[in-house]
Structures are given as structure tokens and as C-alpha cells.
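Okay, structure first, notes after.
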Amino acid sequence: MQRAEVVIVGGGIVGASIAYHLTAAGCKGVLIVEREKHQGKGSTGKSMGGVRAQFATPVNIQMSQYSIAFYAGFEERIGHPSGYRGQGYLFLATAESHLAYLRSNQELQKRLGVQDVRMVTTDEVRKSYPQLRTDDVLGASFCPTDGFVDPYSAMTGFTQWALEHGAQIWRDTEVTGINIQSGRISGVETSKGEVSTRVVVNAAGAWAAEVAKFAGIDLPVQPLRRMLVPTEPFDGFPHTAPMIIDMSTGFHFRPEGRGFLLAWNDPEETPGFKTEFDPAFIEKILVHAADRVPCFENVAVNPKRAWAGLYEMTPDHHAILGPVPEPEGLFLANGFSGHGVMHAPATGKIVSDLILRGTTELIDASALGFGRFQTGKLLHETALL
Ligand SMILES: Cc1cc2nc3c(=O)[nH]c(=O)nc-3n(C[C@H](O)[C@H](O)[C@H](O)COP(=O)(O)OP(=O)(O)OC[C@H]3O[C@@H](n4cnc5c(N)ncnc54)[C@H](O)[C@@H]3O)c2cc1C
């Protein structure tokens, strides 16, 4: 029988980052088990790649701070590009309540050390981006170190580094069961046979609840479809623009290649493993796009290039990280609620710390523990996209 120190279920960006951080911390014998032939077929390859520290809760801000700095120095550390571009996130407020919300979030962000985040006047917005309709914009919030990464490239970099330093990956291999003896993990069943191990990390993205069930855990993570629409090449808006978020509708967009990537979270979407792109979405999103960016009225999009993927939602829109009370040896890295790319570096560090040392200095890990669903101490992140 094969043996591993740690088995990571799922080889997306989260599993890859955990493998990197464990290996870099000296753990020998890390094995990633990924059911697809190629990594990135889950949510990682579908992501918009946005990274931001503009959140409303301390843990999310702290995880972004670690992660954004990590992505900025990724190539130097790992020898592979993350594709980080610090073009910023610009939240456009169209109500006094939005402004108050952005200001109070900024106070917290600054207190935690996000130095460059600042309020921007409507005039400044208008001067920088005259293409935006700003008649109802009351102000904005901007953080220049927010931006974008290439999720596939970062996942590949994490994986390659870990493999070159002793970790292993089994692709095209499904984890089908978790073995427990006397209340502690003893191994995993896979489509290629059993692996003996004392530590299993659930990094199965939107499928995490299915994996948790193998160990008798009822994990509150639900899949929710999100759709993205890339435009054809378009030069009517600057390609140096940040991610721009219209707070009145939730419509947001960013430059991508020679065109733009358009996003909007349809409030009518319901949970489920739906990964088909719905062509009717194009008309809905283009209405919001043209409303905020009138020159997008005639932008060309090709429905064949649009795609859908899954967010992995938790009841309080925060990740669930760390050990479960029982079985001993099962660790969770789940429920990123649409922030798994930007929080992957921090997650790798936190989960690796918790496995190897039982504690972490990066965040108050108890805040994100599975136990919060028993005690009812939920957190509430409202800065969702
Ligand atoms: C349209 C869209 C836009 C997004 N935009 C952003 C963004 O701008 N910024 C951001 O930070 N996040 C964004 N996200 C969210 C982000 O993509 C996810 O949070 C992140 O990719 C989660 O990574 P993961 O490794 O946990 O999951 P995944 O990438 O889904 O990886 C999980 C892996 O587990 C494997 N697996 C599952 N079950 C088993 C099993 N039983 N055995 C073996 N393998 C198994 C799957 O095959 C999969 O490869 C977006 C998501 C979508 C869909």
C-alpha cells in the first residue's frame, strides 16, 4: 500500500498552494490527488483572477494582505509567473450608504496596514475614465495594490515547485472514501487503490461537501454558478483600468487581453452543479454594462467564448479552514465563496501551519474554524462580488 504524510484531495489552486507551503516548511511526503486528467478543471480555471484587500472583515483583509504580497513576489520565490498586475479595484458608490460603507471598511483596512487604499472623488473618476456614466456616482474607493493574477499560472507554479521539492501528484485519480480508525484518519480510498496517511486535507472546491461526507462531516458548502463574458478586442476603454465595480447593480469588469471581461452575479441564480453557460445571460449583463459604460453598447461578444463556473458558498461567505473535532487528522480548506484564488496563498500558509504546528500567526484561525457553525459565531462578509 502507498503511504503519504499528508494527502490533499483536489489539485486546484488551493490544494496546490497547500502542497507548496507544506513542502516549503519541510514536510516530506505530500500527495495531491486530483480526479481530472489535468489540473484547473474545477473553479480555478474559470476564475476572473481578481485579488483585493478591500473587504469588510479582518480575516478576509489579512488573508488578502498575505496573498497579494505573495503574488507580487511569486516569480522571485517560485520561479514561475503569477501574472500579478496591480491595476487596482475601483468601487463606484451611487448611494450615501455605499459611501459610508466604503469609508468604514477603509478605516478597518488601514488599521490593519493596507496603506494605499483611499477615497476618490467623482471628479477624479470622471477625469480618469470619461467613458463611465458618473451622473449618479457620489464617490469611489480605490486600492492600487488590488488587481489581477493568472490563476492557472499560479496553480502551475505552486504545483511544479512542490513536485520539484519532493511532493507527488496523482492526476486522473478520484478519492472515493476516507478511512477512520478509533476516531482518527488512517487513509484514503482512491480509484487507484488505498493510500495510508494520518492527515487528509479537503481541498475539493465546490465538491467539498461530498468529500467531507466520506468522513461523516456535514459541510455547509454549496455550489453556485457564476458566468463571465469576455468581449472581442475593444479599445474604447483604457486597458490600464482597474477592476471597476458598479455598486448600484454589482456589474464589474476588467481589462483582459485586447478586450474586457464582464461579470455580474445574477440574483436569480440558484445553488446546484450547473456549469453550462446560459446564452440568455448575455443580454442581461450587456444591459448593466451599457448602463454604466455607454460605449459598451456596441461592444462585440462571442457567446462561444463566454463560460460558467462554480463558486463554493458558505452561509457566512467566509472560508472554512483548519481541523475538524473528529476524525482527528482531517483538515478543511473550503468554502471560499468566490475568493479562493485571491486567498490561496494565505490558505496554504494557514493550513500548513495548523497541520505542522497546530497554530498560525497569520490570522485568528478560530474565526474561520468549522466550530463556528456549532457555536453560531458566524462572520459576515458583505463585500461580495
Ligand atoms: C466565474 C468565476 C469567477 C471567479 N472569480 C474569482 C476572482 O476574481 N477572484 C478569486 O479569488 N476567486 C474567484 N473565483 C473563485 C475561485 O475560482 C475559487 O474560489 C477557487 O478556484 C477555489 O480553488 P480550489 O482549489 O478550492 O477549487 P477548484 O479549483 O475547484 O479545485 C478543486 C479540485 O478538486 C477536485 N476534486 C473534487 N472532488 C475530488 C475527489 N473526490 N477526488 C479527487 N479530486 C477531486 C476537482 O476536480 C478540482 O480540480 C471565481 C470563480 C468563478 C466560477
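The values are calculated or read from the model by the stated rules, or taken from the named source; none is laboratory data. Only a predicted model underlies this, so the values are computations on that prediction, with no experimental measurement involved. Note: ideal-geometry Cβ built from the backbone for every residue, glycine included; neighbour counts use all protein chains shown. Surface areas here come from the heavy atoms of the whole protein model, side chains and all, with no ligands, DNA or RNA. Shrake-Rupley method; radii C 1.70, N 1.55, O 1.52, S 1.80 Å.
Some points to look at:
- To the nearest 10, the accessible area of residue 170 is 40 Å² with a 1.4 Å probe.
- Volume in Å³ per residue [convex hull over Cα atoms, computed for region 206-363]: 137
- By DSSP, the beta bridges lying fully in the chain are antiparallel in about 65 percent of cases.
- Region 77-131: translational diffusion in µm²/s, Stokes-Einstein, Kirkwood Rh over Cα pairs, 20 °C, 1.002 mPa s: 157
- Computed from the Cβ-Cβ distance with R0 of 25 Å, the FRET efficiency linking residue 95 to residue 384 stands at 0.90.
- If R0 is taken as 35 Å, the Cβ-Cβ distance between residue 362 and residue 119 corresponds to a FRET efficiency of 0.80.
- Computed over Cα pairs, the Kirkwood radius of region 192-296 leads via Stokes-Einstein (1.567 mPa s, 4 °C) to a diffusion coefficient of 77 µm² per second.
- Prolate/oblate/rounded label for region 135-193 (Cα gyration tensor, a/c 1.5): prolate
- Using bins of 10 Å that start at zero, the share of Cα-Cα pairs per bin across region 1-77 amounts to 16, 37, 37, 9, 1, in whole %.
- Cross-link table 41/349; 274/304; 213/349; 213/274; 192/304; 46/110, entries beyond 27 Å C-alpha to C-alpha: 192/304; 46/110
- In the chain, the longest principal axis of the Cα atoms and the axis of helix 58-72 are about 90 degrees apart.
- Normalised by residue number, the volume inside the convex hull of the Cα atoms of region 24-148 is 161 Å³ per residue.
- Entry comment: accessible area of the chain is 41 Å² per residue, from protein heavy atoms only and a probe of 1.4 Å.
- Fraction of antiparallel bridges per DSSP, region 1-156 only, in percent to nearest 5: 75
- For region 139-165 versus region 241-273, the gap between their alpha-carbon centres in whole angstrom: 19
- Once the Cα atoms are used to define both axes, helix 151-164 deviates from the longest principal axis of the chain by about 30 degrees.
- Cα-based convex hull, the chain, per residue volume (Å³, whole number): 130
- Cα-based helix-to-principal-axis angle, 280-292 vs the chain, degrees rounded to 10: 50
- Percent accessible area from carbon and sulfur atoms, region 196-258, protein chains only, probe 1.4 Å: 52
- Residues whose placed amide H lies under 5 Å from that of residue 328, excluding near-sequence neighbours: 184, 185
- Residue (of 298, 153, 45) at the positive-pole extreme of the chain, dipole from beta-carbon charges: 153
- For region 1-96, the carbon plus sulfur part of the accessible surface works out to 47%, probe radius 1.4 Å.
- Each peptide in 287-300, 100-113, 24-37 gets a packing score, the mean of other Cβ atoms within 10 Å over its residues, and the list from highest to lowest is 24-37, 287-300, 100-113.
- Student exercise, region 1-93 dipole from Lys, Arg, Asp, Glu Cβ charges, in Debye to nearest 20: 200
- Spin-label zone in region 284-315 - amide nitrogen under 17 Å from a point set 7 Å from the Cα of residue 38 along the C-beta vector: 305-309
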